[in-house]
């Protein structure tokens with residue numbers, strides 16, 4: 001399987017809408033309103049411009065079929081600025097290792113970026129698939145932690161951490 005990660009662009013709003021369904025957003029607080037989706041899309045497009053991270057469209061090659069999203073962005077965590085990562089793979093493409101492969105690619109890109117030492121992920125404790133992606137991609141499980149997602153909504157997550165300086169070495 002070959003994947004292509006392309007920085008988020010104006011034409012990716014439709015993919016974001018396909019991700020914004022109850023089956024895809026169950027671990028993330030549920031679907032967002034159209035207004036929030038459009039706002040999120042704008043943030044994704046502008047992340048590289050603002051220097052706060054990069055969001056990518058994940059596509060299968062050779063057809064370039066859009067199958068999901070992944071990215072990394074700034075997060076203040078325990079007094080330090082780290083990269084946080086997260087992903088979504090459309091239901092019909094799940095279970096094929098796409099998220100794990102995309103995570104490995106994002107790790108390489110975040111390491112090459114060089115601005116942060118740590119890449120972290122915070123899947124819900126009961127999100128077996130995303131926790132497995134973290135394991136397969138080489139993250140280290142720190143333990144359970146309290147988190148908010150969306151902001152204002154407390155959830156219990158696993159904290160996964162990866163030292164990007166070791167990837168870059």
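Here the condition is being surrounded by 14 or more Cβ atoms within 10 Å (Cβ to Cβ), in contact with a helix residue (DSSP H, G or I) (Cβ under 6 Å, 6 or more places away or on another chain), in contact (Cβ under 8 Å) with a residue 12 or more places away in the chain and closer than 23 Å to residue 105 by Cα; of 82, 67, it holds for 67 alone. Surrounded by 20 or more Cβ atoms within 10 Å (Cβ to Cβ), at pLDDT 95 or above and closer than 22 Å to residue 13 by Cα: does that describe residue 133? Answer is no for this residue.
Filtering segment 111-141 to residues that are part of a loop (DSSP other than H, G, I, E, B), more than 13 Å from the chain's Cα centre (by Cα) and under 17 Å from residue 80 (Cβ atoms) leaves 114, 115, 116, 117, 139.
The single residue among 107, 151 that is assigned to a helix (DSSP H, G or I) and within 20 Å of residue 52 (Cα to Cα) turns out to be 107. Within segment 137-151, the set of residues being surrounded by fewer than 11 Cβ atoms within 10 Å (Cβ to Cβ) and under 16 Å from residue 25 (Cβ atoms) comprises 151 only. Checking every residue in segment 27-44 against the condition of being at pLDDT below 85 and part of a helix (DSSP H, G or I) gives zero matches.
In segment 1-16, of all residues being part of a helix (DSSP H, G or I) and over 20 Å from residue 95 (Cβ atoms), the one that is nearest to the chain's Cα centre (by Cα) corresponds to 16. The number of residues in segment 157-169 being surrounded by 12 or more Cβ atoms within 10 Å (Cβ to Cβ) and not in a helix (DSSP H, G or I) comes to 7.
Counting the residues of segment 130-154 that are free of Cβ contacts under 8 Å to residues at least 60 places away in the same chain and touching a strand residue (DSSP E or B) at 6+ places or on another chain (Cβ under 9 Å) gives 17. Checking 61, 3 one by one, the residue that is in contact (Cβ under 8 Å) with a residue 60 or more places away in the chain and in contact with a strand residue (DSSP E or B) (Cβ under 7 Å, 6 or more places away or on another chain) is 3 and no other. Taking segment 47-64 as the range and being surrounded by 13 or more Cβ atoms within 10 Å (Cβ to Cβ) and either out of contact with any helix residue (DSSP H, G or I) (no Cβ under 6 Å at 6 or more places or on another chain) or assigned to a loop (DSSP other than H, G, I, E, B) (or both) as the test, the residues that pass are 47, 48, 52, 56, 59, 60. Can residue 101 be described as in contact with a strand residue (DSSP E or B) (Cβ under 7 Å, 6 or more places away or on another chain), closer than 26 Å to residue 166 by Cα and in a helix (DSSP H, G or I)? Against the criterion (in contact with a strand residue (DSSP E or B) (Cβ under 7 Å, 6 or more places away or on another chain), closer than 26 Å to residue 166 by Cα and in a helix (DSSP H, G or I)), residue 101 qualifies.
The values are calculated or read from the model by the stated rules, or taken from the named source; none is laboratory data. Predicted model only: the values in this text are computed from it and were never measured. Glycine also receives a Cβ, built like all others from the backbone with ideal geometry; neighbour counts cover every protein chain displayed.
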